[in-house]
1. Listed here are the pairs B:Lys51/B:Lys231; A:Lys290/A:Lys361; B:Lys69/B:Lys376; A:Lys100/A:Lys162; which of them are more than 29 Å apart at the Cα?
2. Going out from 0 in 5 Å bins, what whole percent of all Cα-Cα distances in segment A:2-232 drops into each bin?
3. Compute the semi-axes of the equivalent ellipsoid of segment B:320-377, taking the square root of 5 times each eigenvalue of the Cα gyration tensor, and list them largest first in whole Å.
4. Taking the dipole about the Cα centre of the protein assembly as shown, with the C-beta of Lys and Arg at +1 and of Asp and Glu at -1, give me whichever of B:Leu307, A:Gly121, B:Ala102 is farthest to the positive side.
5. Taking the Cα centre of chain A as the origin and placing charges on Cβ (Lys, Arg +1; Asp, Glu -1), which of A:Leu233, A:Gly296, A:Gly254 is farthest toward the positive end of the dipole?
6. Quick check for me: using +1 on Lys/Arg Cβ and -1 on Asp/Glu Cβ, what's the dipole size of segment B:199-341 about its Cα centre, in debye to the nearest 20?
7. Using a 7 Å offset from the Cα along the Cα-to-Cβ direction at both A:Ala30 and B:Glu636, what is the distance between the two label points in nm, to one decimal?
8. Just to be sure I understand the model, the point goes 7 Å from the Cα along the line to the Cβ. What's the resulting A:Ser256 to B:Asp742 distance in nm?
Amino acid sequence: MTTLTSELASEAPREVLREHAEDAFAAELAALAAQDDRPRPERWLLSPWAVATYLLGGELPDGTVITPKYIGPRRIVEVAVTTLATDRALLLLGVPGTAKTWVSEHLAAAISGDSTLLVQGTAGTPEEAVRYGWNYAQLLAHGPSRDALVPSPVMRAMADGKIARVEELTRIPADVQDGLITILSEKTLPIPELGDETQAVRGFNLIATANDRDRGVNELSSALRRRFNTVVLPLPGSLDDEVDIVTRRVNQLGRSLDLPELPGGAEEIRRVVTVFRELRDGITTDGRTKVKTPSGTLSTAEAISVVTNGLALATHFGDGVLRAGDVTTGIAGAVLRDPVADQLVWREYVEGVLRERDGWKDFYRAARENSR
Amino acid sequence: MGAEVTLLGVRHHGPGSARAVGAALAQLQPDVVLIEGPPEADGIVALAGEKDMAPPVALLAHVVDDPAKAAFWPFAAFSPEWVAIRYAVERELPVRFIDLPASQSLVAVQEPDSGAPKDPIGALAEAAGHDDAERWWEDVVEHRTPDTEAGADALAPFAAVAEAMTALRELDGNNRRDELREAYMRQQVRAARRAGHARIAVVCGAWHVPALASMPTVAHDRALLAELPKKVRTEITWVPWTHRRLSQHTGYGAGIDSPGWYHHLFTSTDDEPLARWLTKAAALLRAEDHPVSSAHVIEAVRLARTLGVMRGRPLAGLTETLDAVRSVMCDGSDVALALVHDRLVVGDALGEVPESAPAVPLQRDIVRLQRSLRLKPEAAERELALDLRKELDTSRSLLLHRLRLLGIAWGTPSRSAVNSTGTFRESWRLRWDPEFAVRIVEAAQWGSTVEDAATGKAVETALATRELSELTGLAERCLLAGLPAALPPVMRVLADRAALDTDVAQLARALPALVRALRYGDVRGTDGSALDGVARGLAERICVGLPPACTGLDADGATAMRAHVDGVHAAITLLEQGTPSEQGTEAADPLADRWAATLQSLARREPSAGPATGVPGLLRGRAVRLLLDDGRLDSEEAGRRLGLVLSMASAPADAAGWVEGFLAGGGALLLHDPRLLGLLDEWLTGVPGEVFTDVLPLLRRTFSGLEAGVRRTVGERVAAGPLGAAAVPTAPATALDQVRADAVLPTLTLLLGLPAAGSARIHRQPDRRSAS
């Protein structure tokens, strides 16, 4: 089990399946805070420079290595952090699997030390989730008072001067979305029942994520849209970047799932990412052959889950080596969203591209077997 | 010594450098200004002070005998050199350009003008720990507004740059070309001293500063310069330039990516260049229907500033500003941002040059025409629709066509919605490229007016052309450009080439362009009789040569030839329509008849003893179809031929080809004549299994070429049951009501533009699609 020990995993209680960012990277955050001598906005635990370093990775003067949390253009992180420092709200846009939630969690953890003030947007998100609700027992026993009030995560963030997060903002019904306008422009949340209000203190801000691929969502009203600075998170620019992202995440996930690091991993990750990128871009990496594009997004997040899945298969049912057969099932599952059209796309790709490729013989055979 | 020489090292296009030079000159009060540039320009530098001179402009030097050898020295409003020129010209100080004369540098250097051996600024930035040279330079030089307040030394920045460059040059060797240039510059500085100037200001690229600071002996420089080539005769002038061309890596100095942005930085006089620029961006986005409010501008300014602080820059630079525009105004979209980049960061500015600037006679003629035809050269692209029935528009069209012949593609013909409605309309896309200045100089060798030059160029091109179709294309262009003088020589060459050419395909390719040209000639009132003669001669040759040329072709050859047959058919039809009907419509038209006879003979040449002995099925089928469309065969005869070719005796592959040729470009025929469909169906069901596999691709191609509606109906008919003579009649069985049918005819006659009613005999119109 030596592969499992890491300075991060050993500190926190092991029962938790997934730790909050601020706990998982507590050591890095502490090191950054200790050596951060730049001005910090009020109630920020780190200066904007340090927040950017936390996300992008780097080495501190005392030698502490900060692991990169986001691998992608530096510009994006800088704009995101700066936006939060100017007290404008931040909207992270992107297709599924471009690390929107991941970035928002780490931003909140680095700035406020608390990534848990979270509202998950769904079609059924009620107004209480962004404003406040009532504890009815209290309300009936003692009448309306602050004690009977159940504040939402957004309200708590306002009171404490922290970062609130709203996931999948565009899934929230339009009327509930618009409840955010007062909060973002007036920085206050009126409580008419008590003739009172909660005013946001300095340090409060909001990060929302939304997915620009889905249909049937509630478009933001322009009044609300205007309160946000928008940052679009792109799909990884190069094969190497994407392999890097997948490798890192697979290792982190593997640790929390007690999966050992297997031989053959690096090779298979590269192949999985190559297949994903080729299908997504509609052209092979050498730029010579066009391929059809399937209906699914084929995001990096899906590649990560394909590899993790493959690791689990190889560990529990295989011979302890990650082989092509362990990942091709997952790939076919990710590609075949539409049973008819995607089946054709995948077959053509397997027969037309994979078969001819040098050194991919095992992969081709496994892919063929799985697609039958 | 006595004279005081101050070296101002600059980056060629940089607002910060420009400001610094301005401040330094104001402090120095020099009595002569030396600038890196071709000394031939000394004589025309005074024009820079004229009212009509507006940057961006460029000095254009070219070799008189070989105008293609040319070089540009562009100047924008924010170029330090321009600031220095203006400073001197306004105070009537002498300006000297001190770089190598163009008369020598244009012939000496074959390698691309790379300036310094390596990017000196890049090396400096790297040393300072910056990965982006542009940004570093902006931070340390461009964004520093010189402190004009009392006590500040406007020369301090230049001293720092010079020091840095000295250190760099110790690391990096100089290349030969730069050594020569610097030797020449030193000579010029010495000359200025000898001329008795007391305070000499030298504006040159930062890289050259150390070389000019240390003066080796005169003999050393002389020895170096001895190896320069002999001078050639050159001419130099000012030409208008654009920001877009400044952003490319041509001419002298490195190209800059953001001329529009620099221009804004340099010209905005208030303290808020950022807010002003973002307001412009907002206005631009609004004009393109992006909802951008003033609140957006405010937020964008705040974001850009904070980003600048966050990135540790003295001021929000272009990167920060664009990041802010993208995040706040464009909803994160790069598409809207691309617009801002194109219009504001690069920009469309086009400079102006006073008329007194020296120009080649051709250039003057073009300017004169531009003025009289009210066509202003603009850098931004725009559409121009011309109505050739109007005199002004005809002249415009002639000018554009002539310039195109000269290789000056100011206008490119574009298709527009109205284009298809008549031949008297022409659509152009206009865009003036400063590069044209060189082309004009190049074209000047052909003549001193646009018409003369175009004529000369056309004749010379004709003599050098070998391909027949290119020649006819040229003839067409001569007609379009209205060059009657060019036409006879071009025609002579054309006739000679046609006579010698044995390749029918070549002839066939040439004919359509020629006939098109004839038709345009009519619209423009040019005399096309010479052209008509050549076209007819060509058509005759084709009629003779076509059947043998079609014999024994393989599948690919047949496909290529089919396109030619179609093209020639359309061309001949057009040629006949264009013929004035003096001979009377009854008189048999020899050409059309000869062509029909050719098609007949094509159709008859069956491969009786193997494919090499006859015309491929594709072409025979095509010939039958064309004859049928022209009404020279009736459908009964066509059906008989189809039956023959589909009978058991002929090879299925040949039969399938025949069907393809017959049906290409319009299968409605099959619907109108159920008998044809029946024959086809019968044959198809009779094809043996193994042969079916062979003909399947051909059939597939044939039927996929049919219109969707026809295909569907054919399918329905076949599915409905037995075909052939017994097919269910789909047309209404009732007899035509003759009277009611006749009532339509007058209107129809009017629509088709036929001679007045009564005798109107409506020809069967050729299927339009088959001509394409």
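Values in this text are rule-based calculations from the coordinates and carry no lab data. Everything numeric here is computed off the predicted structure, so don't read it as measured data. Because the Cβ atoms are built from the backbone with ideal geometry, glycine has one as well, and the counts that use them run over all protein chains shown.
1. On the way: B:Lys51/B:Lys231 34 Å; A:Lys290/A:Lys361 21 Å; B:Lys69/B:Lys376 27 Å; A:Lys100/A:Lys162 19 Å.
Pairs exceeding 29 Å: B:Lys51/B:Lys231.
2. In order of increasing distance, the bins hold 1, 6, 14, 17, 18, 15, 12, 8, 5, 2, 1, 0 percent.
3. Values: eigenvalues 340, 30, 10 Å².
With the √(5λ) rule applied to segment B:320-377, the semi-axes are 41, 12, 7 Å.
4. B:Ala102
5. So the residue furthest toward the plus end is A:Gly296.
6. Working: 15 positive and 14 negative charges, 126 e Å.
With Lys and Arg at +1 and Asp and Glu at -1, about 600 debye.
7. Taking the two extended label points, one gets 10.6 nm.
8. 9.2 nm
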